[in-house]
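Participant: The structure under discussion is supplied below as structure tokens; questions concerning it will follow.
The values are calculated or read from the model by the stated rules, or taken from the named source; none is laboratory data. This structure is a prediction, so every number in the text was calculated from the model and none was measured. Neighbour counts are summed over all protein chains in view; Cβ atoms, including those assigned to glycine, are modelled from backbone coordinates with ideal geometry.
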Amino acid sequence: MNEDGARYRVLNWDSAVAGTGVNRATTAALHAYVKRNNPQSPYLVANEHVAGRIAELLCLPVPPHCMADRDDETYFLSLNFNLTGEQLPPVFPDEVVTHFPDAAAGVIVFDAYIANFDRHRRNIAAVIRSTPKRLSIFDHDRSLLGMTADAGVQQLSRAAQSIVIDGSLGGNRHCLLDVIEDGGLLDVWIERIRGIPDWYIENAARTAQQYGDITDPEADALEEFLRVRRERLGGLLREAADHGVFRGLQQGGMIYE
């Protein structure tokens, strides 16, 4: 789902399309960020595609995205929501949780589900001091199959018994992990993830294989990982809470058993 109240950069507006009838449709060129697989991130397109599909289904605030081909290579495109053109400032995690408590809980649970080890203050964007308030999340290339060529299956296996977002497998400690207070909100998002249909997981994995240049065994492992983790995620987060990983979680906050 697009972010509530989100706006995107239009580079130019064209004249009306011939034969459009009473709707008077026109065309416009939108500004997007473009990424492709590279030696430092060989699973980038697959990771971004699957993460984006899941976030959309969960109604988390990811920018609209798609894949496009150029010169026999597939690119991941994400619409630019930064209307100023200036570098986005890092967010303050406590402000994110204060102004977007439900979405903040969703981001934590979502990142745990996709084994994202790179949620930091610069890949969340928050507009707080103007109306409408907006939150956006982006950059999910360091999740799921990871960043090491030919090691995607092994990365999924390593992540299977970890929440990952605590930094236990490397990467960043999730920037919202220490400031979330309401365990009940985490429960809501765990249940949302438990409701992801098998067919949706299968479709996301197979389209990642088709366009993201991953092998049959990698696509199979990705699909299996998402199916199994969907059911185990609540237990993993409960165990993490019992070990004090959620440092700001208030007494009485419950996480799915």
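Participant: Counting only residues that are surrounded by fewer than 16 Cβ atoms within 10 Å (Cβ to Cβ) and under 16 Å from residue 36 (Cα atoms), how many does the stretch 136-153 have?
Facilitator: 2
Participant: Pairs please, first residue from the stretch 76-99 and within 25 Å of residue 49 (Cα to Cα), second anywhere and in a helix (DSSP H, G or I) and among the acidic types (Asp, Glu), Cβ atoms under 7 Å, 6+ apart in sequence or on different chains.
Facilitator: Within 7 Å, the pairs are 76/48.
Participant: I'd like the full set of residues that are touching a residue at least 12 places away in the same chain (Cβ under 8 Å) and assigned to a loop (DSSP other than H, G, I, E, B), limited to the stretch 189-214.
Facilitator: Once the filter is applied, which keeps residues that are touching a residue at least 12 places away in the same chain (Cβ under 8 Å) and assigned to a loop (DSSP other than H, G, I, E, B), the stretch 189-214 yields 196, 213, 214.
Participant: Okay, next question. Being of a type in the set (Gly, Ala, Ser), within 25 Å of residue 88 (Cα to Cα) and either free of Cβ contacts under 8 Å to residues at least 40 places away in the same chain or in contact with a Lys or Arg (Cβ under 8 Å, 6 or more places away or on another chain) (or both) is true for just one of 151, 112, 126. Which residue is that?
Facilitator: On inspection, the qualifying residue turns out to be 126.
Participant: Looking at residue 68, is it surrounded by fewer than 14 Cβ atoms within 10 Å (Cβ to Cβ), over 21 Å from residue 183 (Cα atoms) and hydrophobic (A, V, I, L, M, F, W, C)?
Facilitator: yes
Participant: Let me ask something else. Name the residue that is nearest to residue 218 (Cα to Cα), counting only residues in the stretch 139-170 that are of a type outside the set (Asp, Glu) and in contact with a strand residue (DSSP E or B) (Cβ under 6 Å, 6 or more places away or on another chain).
Facilitator: Filtering the stretch 139-170 for residues that are of a type outside the set (Asp, Glu) and in contact with a strand residue (DSSP E or B) (Cβ under 6 Å, 6 or more places away or on another chain), the one nearest to residue 218 (Cα to Cα) comes out as 147.
Participant: Filter the stretch 1-39 down to residues that are charged (D, E, K, R) and modelled with pLDDT under 60 and give me whichever is farthest from residue 146 (Cα to Cα).
Facilitator: Among them, the one singled out is 4.
Participant: Give 186, 156 a once-over and let me know the one that is crowded, with 17+ Cβ neighbours inside 10 Å, touching a residue at least 12 places away in the same chain (Cβ under 8 Å) and closer than 21 Å to residue 95 by Cα.
Facilitator: Residue meeting the stated conditions: 186.
Participant: Only residues that are part of a helix (DSSP H, G or I) and surrounded by 18 or more Cβ atoms within 10 Å (Cβ to Cβ): list them for the stretch 53-65, please.
Facilitator: 53, 54, 55
Participant: Another question about this same structure. Restricting to helices (runs of 4 or more DSSP H) lying wholly in the stretch 78-183: which have 1 or more residues that are within 22 Å of residue 46 (Cβ to Cβ) and touching a Gly at 6+ places or on another chain (Cβ under 7 Å)?
Facilitator: Ranges flagged: 152-159.
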